[in-house]
Amino acid sequence: MARNTVGPRAQQPWAEDYYYQPASPASAWPAAPGPAPAAAAAPAAPPRAARTGGQTAADHQTQRRAAKSRVDEWMEVDFKFGGSRIKRKAVALILLGLPAPVPLFFMLPALLTLNSNTFAVSVDDTLGTGAEVCLFLCLLVTPMVTLTGQHWFVPLRRWYGIMMAACSVGDAVAASITDDFAGGVFGRVAGHVFELMGFFMVMLVIPIVCTSNPWAQKKLGKYWKRFQRLTYVIWGLLACHLILLEGFGFESGDNGSGFAGDGDAVFHQRFYQYAACSLFLLTLRLPPVKRWIVARQNEGRMWLVWVTVAPIFAIFVIGFAYILNEQIFKGIDSFTENPSAE
Amino acid sequence: MTSEMYAPGGRSTITLGGVIITAVSCLSALLLIAAIIYASGIGAREQAALTAAGCEPTLTPLMQQCTTQPILAGQYRALMTPAAQQLSTDAAAYAASEEDNLAVAEAALTAEVTSERALVAKLGALALPPAMRPLAKALISANQARATLTAEQARSSSLSRMRSFNHRVQLATATVETDMKLLQAAIDTPVRGA
């Protein structure tokens with residue numbers, strides 16, 4: 001892969017991984033107190049004395065770097081598959097990336113049979129939720145890099161970003177054809193304020209995905225990163241979209257978004273799911289928090305990071321699980337062309 | 001405090017990042033506790049909602065304990081809309097050729113028979129509450145009768161003989177439409193036990 005030439009890797013939007021090349025630890029971690037060159041000279045074998053007690057920040061950083069490179073290096077190793085050799089990383093990336101097109105797959109039968117009813121009733125839920133899932137997975141990459149120090153999964157950011165764009169554009173196109181709002185095509189995609197937010201998101205996602213390639217990065221130079229950061233505007237617009245769609249509350253005794261009461265209306269409320277996921281994604285993007293995590297890593301007190309982050313991550317997992325639940329059930333309904341209007 | 005950072009002199013300082021992540025972590029922990037408390041009441045709330053709605057065990061395979069009227073209406077609409085569109089297309093093809101093209105008219109009627117039989121099969125598979133089953137049964141019977149008649153019409157050896165079936169087919173269609181309206185009205189009415 002080509003080298004990223006446009007600046008530091010912190011706060012990368014999705015397309016930046018296209019140019020990802022494992023950077024030197026010095027660029028990834030702040031300079032540690034102590035003789036860094038010496039530490040860099042022997043990263044994999046710190047002295048026994050340093051391992052058993054009286055560790056310095058530099059020792060821990062060295063161990064951290066070694067740990068990071070061990071996982072990334074393990075992922076870079078080839079193995080034999082059939083008649084060819086494949087990197088472990090490639091297999092892992094394919095497996096992790098496979099679920100991303102599933103929302104599009106759910107709509108395929110309705111597309112092949114031109115079932116306008118399925119599109120009219122459930123495309124918003126299936127592709128809209130799919131776009132949300134892909135956006136969150138795309139945004140999850142940076143916090144995971146911060147937490148684990150590993151980079152092998154960074155290419156997933158671009159993949160999830162592209163799938164997010166595909167789902168959101170598909171949703172907008174289907175809505176422009178099959179929705180029953182007045183006002184023609186524009187009325188169907190932007191006739192209500194919540195739709196207008198979705199329309200803005202689609203209008204933003206198109207140029208972002210079009211510029212997520214080496215040629216565009218070269219052409220845009222230092223502006224490319226800023227441009228890609230429009231992803232964060234989409235993230236914000238999604239909050240407006242969901243608030244305008246369902247409000248902050250929920251129907252008493254029912255699911256926030258539907259009819260069937262399964263008793264956990266709060267967990268089904270889409271904005272709450274969004275907020276639960278965003279809390280983790282946003283917090284771990286804040287520069288002071290990233291610096292704090294790096295400092296703890298350098299001190300060798302990673303356990304403190306995990307303990308602190310665990311409740312935030314648990315909230316993320318709960319929110320994301322309910323989004324996935326929505327995606328799976330609505331998606332299966334769409335796939336069987338028995339759309340749920342919930 | 002978790003946000004302490006050790007300076008070279010041994011003095012500790014509290015960093016902004018530490019404060020932020022600790023605050024968010026505490027908030028998340030409180031939210032988790034609230035979520036656990038809320039989740040512990042899910043079963044009781046669900047039972048109360050089902051009782052209030054008079055729901056029966058699910059009629060759908062979607063792991064829902066209750067098929068509500070809007071869900072049922074959606075299922076019925078999803079079944080009928082494409083079938084009605086297909087039957088209209090087939091009927092238009094027959095109307096366009098019944099005067100002058102036996103082969104095309106025969107093909108149109110054969111397609112109509114296929115569509116009607118497919119609709120009958122789908123209606124038979126639609127899970128309905130007991131109160132609606134007689135209506136669905138009547139609609140299926142009417143559709144079957146119409147399909148049989150249309151099949152007989154399609155086997156006609158001449159256009160004039162084929163057209164002679166038109167009046168009987170229209171009567172059969174009227175019966176199907178009446179039964180469809182009755183079932184549609186029953187489905188559109190919010191009912192207990194659905």
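Read-outs: derived from the displayed coordinates by stated rules, not from any lab. The model shown is predicted, which means the values in this text are computed figures rather than measured ones. As a convention, Cβ positions derive from the backbone with ideal geometry for all residues, glycine included, and neighbour counts pool all protein chains shown.
Remarks
- Within the shell defined by Cβ-Cβ distances under 14 Å, the residues around B:D100 carry a net charge of -2, with Lys and Arg each +1 and Asp and Glu each -1.
- Taking every C-alpha pair closer than 8 Å and separated by at least 6 residues, the mean separation divided by the residue count of the stretch B:69-188 gives a relative contact order of 30 percent.
- Look at the stretch B:133-141: the mean tally of other chain Cβ atoms within 10 Å of its residues' Cβ atoms is 0.
- Applying a DSSP loop filter and a limit of 15 other Cβ atoms within 10 Å to the chymotrypsin sites (Phe, Trp or Tyr not before Pro) in the stretch A:152-230 leaves A:F181.
- Each Lys and Arg adds +1 at its Cβ and each Asp and Glu adds -1 at its Cβ; summed about the Cα centre, the stretch B:69-188 shows a dipole of about 440 debye.
- Applying 1/(1 + (r/R0)^6) with R0 = 60 Å to the Cβ-Cβ distance of B:K122 and B:A29 gives a FRET efficiency near 0.70.
- Within the shell of other residues whose beta carbon sits under 15 angstrom from the beta carbon of A:E132, the net charge comes to -3, with Lys and Arg scored +1 and Asp and Glu -1.
- Among the listed pairs A:K80/A:K290; A:K330/B:K122; A:K80/A:K225, those beyond 31 Å (Cα-Cα): A:K80/A:K290; A:K80/A:K225
- Applying the Karplus relation 6.51 cos²θ - 1.76 cosθ + 1.60 with θ = phi - 60° to the stretch A:307-314 yields 3J(HN,Hα) values of 4, 5, 7, 3, x, 5, 5, 4 Hz, where x marks Gly and Pro.
- Long-range amide H partners of B:L126 with built H, under 5 Å: none
- Amide hydrogen proximity for A:K87: with H placed 1.01 Å from N in the peptide plane, the residues at 5 or more positions away or on another chain lying under 5 Å are A:F79.
- Taking amide hydrogens as placed 1.01 Å from N in the peptide plane, the amide H of A:W152 sits under 5 Å from that of no residue at least 5 positions away in sequence or on another chain.
- Sequence of A:C138, B:C26 once ranked by neighbouring C-beta atoms within 10 Å, starting from the fewest: B:C26, A:C138
- Debye log10 I(q)/I(0) at q = 0.14 Å⁻¹ for the stretch B:69-188, Cα point scatterers: -0.58
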